[in-house]
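As structure tokens, the structure follows; a few thoughts come after it.
The values are calculated or read from the model by the stated rules, or taken from the named source; none is laboratory data. Everything numeric here is computed off the predicted structure, so don't read it as measured data. Counting neighbours? That spans all protein chains shown, and the Cβs are built from the backbone with ideal geometry, glycine included. Calculation scope for accessible area: heavy atoms of the full protein, side chains included, ligands and nucleic acids excluded. Shrake-Rupley method; radii C 1.70, N 1.55, O 1.52, S 1.80 Å.
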Amino acid sequence: MRAVTFSRHGDESVLELTEQPMPVPAEGQLLIQVRAAGVNPVDWKFREGAVGTDRRFPLGMGWDVAGTVVATATPDGPAVGDEVYGMLPLPYAGAYQEFAVLSVSAVATKPVDLSFAQAAAVPLAALTAWQSLDAARVTAGQRVLVHGGAGGVGHFAVQLAKARGARVAATASPRNLGFLRRIGVDKPLDRTEDHPYAIEPVDVVIDTVGGRTQQESWRLLRPGGVLITLPEPIDETYRVPGITGRRVIVAPDGEALRRIGELIDSGAVRVEVQDVLPLEKAAEAQLISRTGSVRGKLVLSL
Ligand SMILES: NC(=O)c1ccc[n+]([C@@H]2O[C@H](COP(=O)([O-])OP(=O)(O)OC[C@H]3O[C@@H](n4cnc5c(N)ncnc54)[C@H](OP(=O)(O)O)[C@@H]3O)[C@@H](O)[C@H]2O)c1
């Protein structure tokens, strides 16, 4: 099968389209013909060597899969021919390829209204948002601030928080403020302003940006509030007593994907795909992702 692999860490030029043996599903796994693979910042971080793994080169790429089940090694779950989407476990990439094996517990039926490309945009980013809202125990009526509300994780965090009944503020650059309104943000904030945070203290901050944004987040929270950060661990220098701060690391979860799929099919959550590129353009897709300015998601089609 054709697969995007790399045999040393480096910039996008280390990515190669290679011929690899067909993966074989172990007990509890499905063999999926990949129709589309999502692109996430962790892909190029992994390629650059910033994410450790115990596997040897050549390494595969990507964690998000949408496709058709072609073989199963489990009596449970989807059958051959079913259309599914799911996420591989970190740090074991293998989605930018014609066939992938996923644990049956990591997949769900593809939302009916989504194309394969749209479905591949969902798993890692939406699960990150879902698990962040769970970790912060977001409930109806709470005030939630999402830093980076137009990005892959951010646009799901905004919509999933709204679906839980929260009031949502989110930051973006000026060109994305209209998009934030369209996905339901109550208070879009222009991140390029000198003082972007014209808001009352919030109950929860979801930080998809990190660095100085994480440092600034403490003062935006009410006492007892929760800061969830995603790009990096909490910088203890800035921690404020009385506020919970923690990093969430996403994990595959087929049941959560099933529930997210219901919200997508109901129209409560929409999936923004900035662009779909062919598998052969994986390097270009990662270069674009690395700019940090993608609205929604980038996807590779097969
Ligand atoms: N811990 C985990 O398990 C986990 C899981 C998923 C992602 N992550 C990490 O979380 C980060 C975000 O992931 P992602 O997939 O959402 O990335 P992404 O889709 O590449 O995010 C791009 C978005 O970030 C926005 N942005 C960039 N700088 C910003 C700033 N200073 N303030 C506000 N918005 C800003 C951009 O919006 P504008 O152009 O409008 O500014 C753009 O829409 C990455 O570092 C990723 O590695 C961690």
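Sorting 71-83, 288-300 by average packing, meaning the other beta carbons within 10 Å per residue, from highest down gives 288-300, 71-83.
Classify the chain: rounded, prolate or oblate, from the alpha-carbon gyration tensor (a ≥ b ≥ c, eigenvalue square roots; a/c under 1.5 rounded; otherwise prolate if a/b is larger than b/c)? Verdict is prolate for the chain.
Decide, for the range 105-181, between rounded, prolate and oblate: order the square roots of the alpha carbon gyration tensor eigenvalues as a ≥ b ≥ c, take rounded if a/c falls under 1.5, and otherwise choose prolate if a/b is larger than b/c, else oblate. Oblate.
Taking a ≥ b ≥ c as the square roots of the eigenvalues of the Cα gyration tensor, an a/c ratio below 1.5 marks the range 125-247 as rounded. On a per residue basis, the chain carries 43 Å² of accessible surface, using protein heavy atoms and a 1.4 Å probe. Once the chain from residue 198 to residue 50 is taken as fully extended at 0.36 nm per residue, the excess over their C-alpha distance is 49.7 nm.
When you count the other C-beta atoms within 10 angstrom of each residue and take the mean per peptide, 132-139, 234-241 line up highest first as 132-139, 234-241.
Loop-resident chymotrypsin sites (Phe, Trp or Tyr not before Pro) (DSSP state other than H, G, I, E or B) in the range 91-136 with no more than 14 further Cβ atoms inside 10 Å of their Cβ: 92. Computed per residue of the chain from DSSP H runs no shorter than four, each worth -39500 (n - 2.57), the mean residue ellipticity at 222 nm is -6500 deg cm²/dmol. Tell me which GluC sites (Glu not before Pro) from the range 11-54 have a DSSP coil assignment and no more than 10 other beta carbons within 10 Å of their own. Taking the range 11-54 and a limit of 10 other Cβ atoms within 10 Å, the loop GluC sites (Glu not before Pro) found are 27. Separation of the range 40-68 from the range 212-274 is 22 Å, based on Cα centroids. How high is the relative contact order of the chain, in percent, with contacts defined as C-alpha pairs under 8 Å that are six or more residues apart? Taking the mean separation of contacting Cα pairs over the length of the chain, I get 20 percent. The dipole here belongs to the chain: it is taken about the Cα centre, uses +1 on the Cβ of Lys and Arg and -1 on the Cβ of Asp and Glu, and is about 740 debye. Each residue was assigned an accessible area with a 1.4 Å probe, and for residue 147 the value is about 0 Å².
Peptide packing for 57-65, 185-193 was compared via the average number of neighbouring C-beta atoms within 10 Å per residue; ordered from the highest value, the list is 57-65, 185-193.
Which entries of 162/281; 162/297; 187/281; 187/297; 110/187 show an alpha-carbon separation above 25 angstrom in the structure shown? Pairs exceeding the cut-off: 162/281; 187/281; 110/187.
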